[in-house]
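Note sheet for the following structure.
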Amino acid sequence: MTNPPIPYQPPRTLLAANRELRFDQPLAYDDPRYVDTAKARGNFNHTKIIRALMGGNPNGGNYFLYSGPIGCGKSTELRRLAVELHEPGQFYVVMLDTLERLDTHNLGYPDVLLALAAELLARIEGEGVVIDPMFLRNLTGWFSERIEKNERTRELAAEIKSGAEVQASIPFLCKLFASLTSSFKVNSTYKEELRTVVKNSYRDFSQAFNDLLVAARGALGRRGLGDRLLFLVDGTDRLSREDSKAFFIDNIHQLQQIQADFIYCAPIALVFNHRTFLLNIYTDLFHLPMIKLSEKSDLDEARPDPEGYAAMREMVLKRVAQELFDDLATLDYFIRYSGGNPRHLLRLLNYAYTEAESEFFDRAAAERAVKRYATDYRYQLAAEDFALLRRVDALEDVSQLSEDDRERVGKLLYYGALLEYNSYWWRSHPVVRTLPAYVAP
């Protein structure tokens, strides 16, 4: 007789707790540390996204953007959405984490599309799904004509083909696209040449990819695994200003040649500065706001929002036992200076761990952590940034900003010095407001 699983318990020592304070790891669907923060965010829930997806063209071609401040929880929520939608009669969901699989510091649409093909093929192979080789010949033909016969990629093609017997097959294509994706990840000498090949032969590549998608949808549907293909692309919200504009705007035609359903994470600065234009070229935009800790008019947070604080307390106490805080007021101090950003809250606790002079989080360690976090922004922001943050804090409506100011606001949103809450209102980060350059200009 097997013993029942031991219920999850948060760590009861600072050292063990610190291991739970990783702020760069999204939570899996079944992670016991997950906290439902929908009510604390104000106007966010998955229902809107699911309805928009279900109401889209059933043959694919629906392209959505998902934005929000870095660290607000998009990756965790996307993973939950993937599980909720992945079921017979709805979607067969394929998720790509570009932070893990690709180089987001130098990313182009060819990298992402080849990686999506690799993820789909690997999933199909794992499911044991059978696809008629006739639907695969265009992809193998594209590889043969464009990669194998290209002088600069011939050696890579030979490595990929080594040991492969049947080319018009799922196992061969899995190996092919996994190898191509790996070339992008390790910044190999093949990266730029592969991009050039994809761009110069994009009509052939997109048609071959779409042939695979049509065959995959049919085969998955017959197996009762899902009627529509949905790709969730995470990590593309980290793209630089130049790369994000190229990816989401300049190359939108290429992205929309692939006939499936897509949700791409998009940088908050891009959406802020190009929202109207993006709504004209994408099916819809979804936004994950920060957890609200007070109302906009309450700059000093004299009346804290109970739902926001409750959600963030639960978030912490699932990672750190309550007895490791000298007082719950200390925990609320961390929450206040996180600004409602889950990643910033965990980072503050991480800083406090290194600052602690005893075996628990006390107010002194918390204050040192806040000061240290503020110093991070001190070196990041210029005098004109502090002046702009003060103006934004005083504004009733962000539309009052000038065009030049809006461009800089996008940068501040990207860096997290300016935080965005529900109904699109902004406030400077609370640790920034502790700095002399903000307090006394």
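The values are calculated or read from the model by the stated rules, or taken from the named source; none is laboratory data. Only a predicted model underlies this, so the values are computations on that prediction, with no experimental measurement involved. Virtual Cβ from ideal backbone geometry, glycine too; neighbours counted across all protein chains shown. In case anyone asks, the SASA skips ligands and DNA or RNA and just uses the protein heavy atoms, side chains included. Shrake-Rupley method; radii C 1.70, N 1.55, O 1.52, S 1.80 Å.
For the pair Ala329 and His46, label points projected 7 Å from Cα toward Cβ lie 3.9 nm apart.
If R0 is 60 Å, the Cβ-Cβ spacing of Arg137 and Ala310 corresponds to a FRET efficiency of close to 0.55. Counting every C-alpha pair in the range 20-98, the share spaced more than 15 angstrom apart comes to 63%.
Placing +1 on the Cβ of every Lys and Arg and -1 on the Cβ of every Asp and Glu, with nothing else charged, gives the range 53-175 a dipole about its Cα centre of roughly 180 debye. Peptide packing: for 14-26, 269-281, the average count of neighbouring Cβ atoms within 10 Å per residue gives the ranking 269-281, 14-26, highest mean first. Taking amide H atoms as placed 1.01 Å from N in the peptide plane, the amide H of Tyr92 lies under 5 Å from those of Asp227, Arg228, Leu229, Leu230, each 5 or more residues away in sequence or on another chain. Converting phi to 3J(HN,Hα) with the Karplus coefficients 6.51, -1.76 and 1.60 and the offset θ = phi - 60°, the range 364-370 yields 5, 5, 5, 5, 5, 5, 5 Hz in sequence order, with x at every glycine or proline.
From the coordinates of this entry, P(r) over Cα pairs in 10 Å bins from 0, in percent is computed, and it appears in (i) 4, 19, 27, 23, 16, 9, 2, 0; (ii) 4, 12, 16, 19, 17, 13, 9, 7, 4, 1; (iii) 4, 20, 28, 26, 17, 5, 0 under the label (i).
Rolling a 1.4 Å probe over the protein heavy atoms gives the chain an accessible area of 45 Å² per residue.
Charged side chains reduced to their Cβ positions (Lys and Arg at +1, Asp and Glu at -1) give the chain a dipole of some 360 debye around its Cα centre. Cross-link pairs exceeding 24 Å between alpha carbons, from the set Lys39/Lys411; Lys149/Lys199; Lys48/Lys185; Lys149/Lys191: Lys39/Lys411; Lys48/Lys185. The aspartates and glutamates whose alpha-carbon is closer than 12 Å to the alpha-carbon of Lys318, local same-chain residues fewer than 8 away aside, are Glu20, Asp31. Taken one residue at a time, the phi angles of the range 92-106 give Karplus couplings (6.51, -1.76, 1.60, θ = phi - 60°) of 9, 9, 10, 10, 10, 9, 5, 5, 8, 9, 10, 9, 6, 7, 8 Hz. Gly and Pro are set to x.
Taking 0.36 nm per residue of sequence separation and removing the Cα-Cα distance, the Arg195/Ala158 pair yields an extension gain of 11.5 nm. To put it simply, the accessible area of the range 59-161 at a 1.4 Å probe is 44 percent carbon and sulfur. The listed peptides 194-203, 234-243, ordered by packing as a protection proxy, come out as 234-243, 194-203 (highest mean of other Cβ atoms within 10 Å first). Calculated [222 nm] ellipticity per residue, helices only, for the chain: -15000 deg cm²/dmol; basis is -39500 (n - 2.57) per DSSP H run with n ≥ 4, divided by all residues, nearest 500. Estimated at 0.36 nm per residue, the fully extended path between Glu403 and Glu359 surpasses their Cα-Cα distance by 10.8 nm.
A viscosity of 1.306 mPa s and a temperature of 10 °C, combined with the Kirkwood radius over Cα pairs in Stokes-Einstein, give a translational diffusion coefficient for the range 107-244 of 102 µm²/s.
What separates the Cα centres of the range 203-259 and the range 323-360 is a distance of 41 Å. Taking amide H positions as modeled 1.01 Å from N, with prolines and chain starts lacking one, the residues under 5 Å from Phe361 and 5 or more places away or on another chain are Phe325, Asp326. FRET efficiency for the pair Arg390 and Gln90, taken as 1/(1 + (r/R0)^6) with r the Cβ-Cβ distance and R0 = 56 Å, rounds to 0.75. Dipole magnitude for the range 265-414: about 420 debye, using +1 per Lys or Arg Cβ and -1 per Asp or Glu Cβ, origin at the Cα centre.
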